[in-house]
Amino acid sequence: MLDYINHHLEGVRISEMETPLGMSRLRIGFVAKNLLDQGKIVRIENSYYPRPGNRDEGPKHSLSP
């Protein structure tokens, strides 16, 4: 689920994750709360977003050439 949210910079709602993830709303809500508590995602209104600077654990890319 974290990977899914990290690939949706525009934000994603629980209802939009049900089919792609094959999970119930209840399960998605439970996992989302845990991710929020761990500081891995943020919630704005009813959408979940990647936490800035925490999109993945891979190498960070610099904006400078």
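In table form, for the structure just shown:
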| read-out | value |
| --- | --- |
| Computed over the range 2-54: relative contact order in percent, which uses C-alpha pairs under 8 Å that are six or more apart | 44 |
| Label-point separation in nm, residue 19 to residue 42, each point 7 Å along Cα→Cβ | 2.9 |
| Difference of contour (0.36 nm per residue) and Cα-Cα distance, residue 27 to residue 4 | 6.8 nm |
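No lab work stands behind these numbers, since they all come straight from the coordinates. Remember, predicted model here, so these are calculated numbers, not experimental data. Every residue, glycine as well, gets a Cβ built from its backbone with ideal geometry; the counts of neighbours run over all protein chains shown.
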